[in-house]
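First up is the structure itself, then whatever we jot down about it.
The values are calculated or read from the model by the stated rules, or taken from the named source; none is laboratory data. Please read these numbers as outputs of a predicted model, since none were measured by experiment. Glycine gets a Cβ as well: all are built from the backbone with ideal geometry, and neighbour counts include every protein chain shown.
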Amino acid sequence: MRTRQRGHSTFILLLLLATAGLMTPNLAAAQQESREIGRLVLIYNAQDRAHVDTLANLLIGVFSDLEGAFGTFPWARLPVYLHPYAEYRSRFGNANDAHYTPEERAIHIGYVAMAARSTTELRMEAYVIHETTHAFQHALTGLPPYAGSPHWFAEGLARYCERRFVRNSSFPTAIAPQRVLSELDANPYENGAQAIDYLIGRAGIGSIAQLFGRIANGIPFAQAFVQTFGLTIPELQAALRNR
Ligand SMILES: [Zn+2]
């Protein structure tokens with residue numbers, strides 16, 4: 001009995017040591033904090049609090065801009081996890097710097113440093129706007145962005161909003177209209193932003209909320225698109241090619 005108990009304790013001890021060994025010292029030491037900005041809930045390491053103050057000030061108006069554009073965000077909260085970049089890459093291992101997860105209904109953002117750095121500055125504010133736009137599409141249509149619309153629409157809208165609603169950017173914010181010669185999904189971010197800019201120029205920002213409402217009512221994307229904008233997707237492509 002005693003031997004067995006001791007064996008059990010040794011096993012637990014080894015397990016604890018093994019678990020501790022898997023965690024990097026930084027991760028183990030990181031103290032998490034959270035802050036609510038409207039329905040955005042930022043979750044970050046305490047050591048980044050000062051940088052989050054700056055980000056929070058920028059985001060206070062952004063969420064209401066997005067609600068003004070699309071309508072009231074229907075979910076109670078939208079978690080935004082700010083990960084140190086190396087942690088983000090090791091955890092998610094993808095080629096992006098930020099993403100929205102429909103399964104979790106949360107945003108994850110990897111940052112190099114919260115402090116601005118001229119060439120490697122990751123545009124935290126723009127990233128939050130981009131991923132929050134994906135969350136708005138999901139929340140207001142009932143469908144995750146890629147399930148409820150073509151990639152060019154989801155990424156184009158997120159890129160468009162990133163530029164339109166950013167408060168403090170050293171990057172150009174206006175979308176310069178260009179002819180789009182390739183298929184829209186060949187470059188969903190840039191071709192999509194051209195398409196969204198064209199559609200909003202034609203039908204106004206309120207048209208996006210109308211499209212979302214139709215999709216929420218079960219109308220398939222292509223059909224809802226024609227009802228909202230008065231042209232088919234091939235006609236949109238032709239208009240962008242020939243303008
Ligand atoms: Zn995106």
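Name every residue in the stretch 58-82 that is aliphatic (A, V, I, L, M), closer than 13 Å to Cys161 by Cβ and at pLDDT 90 or above, in order of residue number.
Within the stretch 58-82, Leu66, Ala69 qualify.
Determine whether Phe225 is surrounded by fewer than 19 Cβ atoms within 10 Å (Cβ to Cβ) and among the hydrophobic types (A, V, I, L, M, F, W, C).
On the way: surrounded by fewer than 19 Cβ atoms within 10 Å (Cβ to Cβ): no; among the hydrophobic types (A, V, I, L, M, F, W, C): yes.
It is false that Phe225 is surrounded by fewer than 19 Cβ atoms within 10 Å (Cβ to Cβ) and among the hydrophobic types (A, V, I, L, M, F, W, C).
Could you grab me the full set of residues in the stretch 219-237 that are in a loop (DSSP other than H, G, I, E, B) and within 24 Å of the chain's Cα centre (by Cα)? Walk me through how you get there before you give the answer.
Here is the first cut: in the stretch 219-237, the ones in a loop (DSSP other than H, G, I, E, B) are 219-220, 230-232.
Scanning the stretch 219-237 gives a single hit, Pro220.
Cβ-Cβ distance below 8 Å, separation of 6 or more or different chains: which pairs start in the stretch 183-210 with a residue that is over 18 Å from Val226 (Cβ atoms) and end on one that is part of a helix (DSSP H, G or I) and more than 16 Å from the ligand (Cβ to nearest atom)?
Short answer, once both residue conditions are applied: Glu183/Gln237; Asn191/Leu240; Gln194/Leu240; Ile205/Ala69.
If you take just the helices (runs of 4 or more DSSP H) that sit entirely in the stretch 133-217, which of them hold at least 2 residues that are closer than 22 Å to Phe63 by Cβ and out of contact with any Phe, Trp or Tyr (no Cβ under 9 Å at 6 or more places or on another chain)? Quick ask: steps written out before the conclusion?
Values: elements: 145-148, 151-165, 190-203, 206-216.
Hits in the stretch 133-217: 151-165, 206-216.
Just to be sure I understand, how many residues within the stretch 149-160 are within 10 Å of the ligand (Cβ to nearest atom) and more than 13 Å from the chain's Cα centre (by Cα)? Walk me through how you get there before you give the answer.
Step one: list which residues in the stretch 149-160 are within 10 Å of the ligand (Cβ to nearest atom), which gives 151, 154-159.
So of that shortlist, the ones also more than 13 Å from the chain's Cα centre (by Cα) come out as 151.
Of the residues in that region, 1 qualify.
May I ask you to list pairs of residues, at least six apart or on different chains, whose Cβ atoms are under 6 Å apart, with the first in the stretch 145-166 being more than 14 Å from Glu131 (Cα to Cα) and of a type in the set (A, V, I, L, M, F, W, C) and the second being assigned to a helix (DSSP H, G or I) and more than 9 Å from the ligand (Cβ to nearest atom)?
Listed by first residue and then by second, the contacts come to Trp152/Leu184; Trp152/Asp185; Trp152/Asn191; Trp152/Gly192.
What number of residues in the stretch 92-103 are modelled with pLDDT of 90 or more and surrounded by 13 or more Cβ atoms within 10 Å (Cβ to Cβ)? Walk me through how you get there before you give the answer.
Start the filter on the stretch 92-103 by keeping residues that are modelled with pLDDT of 90 or more, which leaves 92, 99-103.
Applying the additional criterion that residues be surrounded by 13 or more Cβ atoms within 10 Å (Cβ to Cβ) yields 92, 99-102.
Matching residues across the stretch 92-103 total 5.
For the stretch 127-147, give me each residue that is hydrophobic (A, V, I, L, M, F, W, C) and surrounded by fewer than 24 Cβ atoms within 10 Å (Cβ to Cβ).
Start the filter on the stretch 127-147 by keeping residues that are hydrophobic (A, V, I, L, M, F, W, C), which leaves 128-129, 135-136, 139-140, 143, 147.
Matches in the stretch 127-147: Ala139, Leu140, Leu143, Ala147.
Does Gly206 satisfy being within 30 Å of Glu104 (Cα to Cα) and within 12 Å of the ligand (Cβ to nearest atom)?
no
Results for (1) modelled with pLDDT under 95; (2) within 12 Å of the ligand (Cβ to nearest atom); (3) not hydroxyl-bearing (Ser, Thr, Tyr), shown as yes or no for each residue.
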residue	(1), (2), (3)
Tyr127	yes, yes, no
Gln137	no, yes, yes
Gly142	no, no, yes
Ala147	yes, no, yes
Glu162	yes, yes, yes
Ser170	yes, no, no
Ala174	yes, no, yes
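Tell me, which strands (runs of 3 or more DSSP E) lie completely within the stretch 32-107 with 1 or more residues that are within 16 Å of the ligand (Cβ to nearest atom) and of a type in the set (A, V, I, L, M, F, W, C)? If you could, list the steps in order and put the result at the bottom.
Details: elements: 32-37, 40-45, 78-84, 98-101.
Where strands (runs of 3 or more DSSP E) fall fully within the stretch 32-107 and carry at least 1 residues being within 16 Å of the ligand (Cβ to nearest atom) and of a type in the set (A, V, I, L, M, F, W, C), they are 78-84, 98-101.
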